[in-house]
Amino acid sequence: MTDLSTVEKEPAFAQVFFGAQIDKARGYANRLAADSETFGLLGPRELPKIWSRHVLNSALLAELVPDGATVADVGSGAGLPGIPMAIAQPKAQFTLIEPMERRANWLSQVVADLGIDNVQVTRARAEDVQQTDFDIVTARAVAALDKLVRLLTPLTRGSKLKTVLAMKGSRAREEIEQARPRLTRLGYAEPEILVLGENKAPETATVVRIRLRDQEK
């Protein structure tokens with residue numbers, strides 16, 4: 001049984017950031033904490049940071065998603081970053097792509113129970129997904145950037161925005177340099193390293209944003 005006494009209390013920033021959607025964010029945080037051990041979602045050491053390091057940290061990416069965009073979250077696992085992003089940006093459409101059956105089933109149940117209407121769940125590996133027109137593709141803790149862009153590029157090549165948002169940490173710049181030959185071959189513009197949530201969120205989120213050049217349609 002998960003020891004819920006160790007779960008981080010909701011930071012004040014959560015109410016400010018999620019606004020009218022805060023009840024859905026709370027519901028997700030509660031489910032994530034309660035079900036983590038059963039479904040192998042987060043380790044017990046992560047529960048004391050469940051809001052700051054996971055829910056809010058992921059939700060910050062919603063600032064990079066325009067209204068009406070279609071977003072794929074690859075290797076969604078516990079719904080990170082996809083579910084917090086979808087809660088924070090209800091005017092975009094999100095697809096959570098997760099190959100493991102029990103996690104995909106959990107994601108579907110949570111989305112239905114919380115009434116997160118702008119999310120659908122697809123049980124598949126990224127390379128088996130046929131849709132190629134997602135405006136934005138996200139991933140968190142899936143693979144190094146060099147491998148990641150090989151998986152994600154086909155999903156966004158036919159869209160207007162053609163954008164990858166990869167959550168990374170202190171090695172972001174190093175991963176970019178290692179991936180540079182592949183980024184050039186695939187037709188990406190110069191990567192950006194964005195730090196979200198500075199001076200407001202409990203923890204910042206470091207994101208590598210890369211876009212395919214228009215001529216690569």
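The values are calculated or read from the model by the stated rules, or taken from the named source; none is laboratory data. Values in this document were obtained by computation on a predicted structure and should not be read as measured data. Neighbour counts are summed over all protein chains in view; Cβ atoms, including those assigned to glycine, are modelled from backbone coordinates with ideal geometry.
One table, with the values for the structure above:
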quantity: Residue count, the stretch 190-210 (criterion: more than 13 Å from G169 (Cβ to Cβ) and free of Cβ contacts under 8 Å to residues at least 60 places away in the same chain); calculated: 5
quantity: Near pairs, Cβ below 6 angstrom, 6+ apart or cross-chain, from the stretch 69-97 (among the charged types (D, E, K, R)) to any residue that is part of a helix (DSSP H, G or I); calculated: D73/G82
quantity: Index of the failed condition, D35 passing every other in (1) in contact (Cβ under 8 Å) with a residue 60 or more places away in the chain; (2) within 25 Å of G169 (Cα to Cα); calculated: (2)
quantity: Failed item, numbered, when I176 is tested on (1) farther than 30 Å from Q109 by Cβ; (2) among the aliphatic types (A, V, I, L, M); (3) touching a residue at least 60 places away in the same chain (Cβ under 8 Å); calculated: (3)
quantity: Cross-chain or 6+ apart pairs with Cβ under 9 Å, the stretch 13-27 first and in contact (Cβ under 8 Å) with a residue 60 or more places away in the chain, then assigned to a helix (DSSP H, G or I) and basic (K, R); calculated: F18/K24; F18/R26
quantity: Complete set of residues in the stretch 51-80 that are part of a loop (DSSP other than H, G, I, E, B), closer than 14 Å to A139 by Cβ and of a type outside the set (A, V, I, L, M); calculated: G75, S76, G77, G79
quantity: Which numbered condition F134 fails, given (1) modelled with pLDDT of 95 or more; (2) over 23 Å from N105 (Cβ atoms); calculated: (2)
quantity: Conditions (1) within 17 Å of K200 (Cβ to Cβ); (2) part of a loop (DSSP other than H, G, I, E, B); (3) not β-branched (V, I, T); number of the one not met by A25; calculated: (2)
quantity: Candidate set: the stretch 17-42, residues that are at pLDDT below 95 and over 18 Å from the mean Cα position of the chain (by Cα); chosen: the one surrounded by the fewest Cβ atoms within 10 Å (Cβ to Cβ); calculated: T38
quantity: Qualifying residue in the stretch 142-151 (condition: out of contact with any Lys or Arg (no Cβ under 6 Å at 6 or more places or on another chain) and closer than 14 Å to G79 by Cα); calculated: yes
quantity: Test: T163 is touching a helix residue (DSSP H, G or I) at 6+ places or on another chain (Cβ under 7 Å) and within 22 Å of G79 (Cβ to Cβ); calculated: yes
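Quick grid of which residues meet (1) at pLDDT 95 or above; (2) surrounded by 24 or more Cβ atoms within 10 Å (Cβ to Cβ); (3) in contact with a Lys or Arg (Cβ under 9 Å, 6 or more places away or on another chain):
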| position | (1), (2), (3) |
| --- | --- |
| A59 | yes, yes, no |
| D67 | yes, no, yes |
| T70 | yes, no, no |
| G75 | no, no, yes |
| P84 | yes, yes, no |
| Q89 | yes, no, no |
| T95 | yes, no, no |
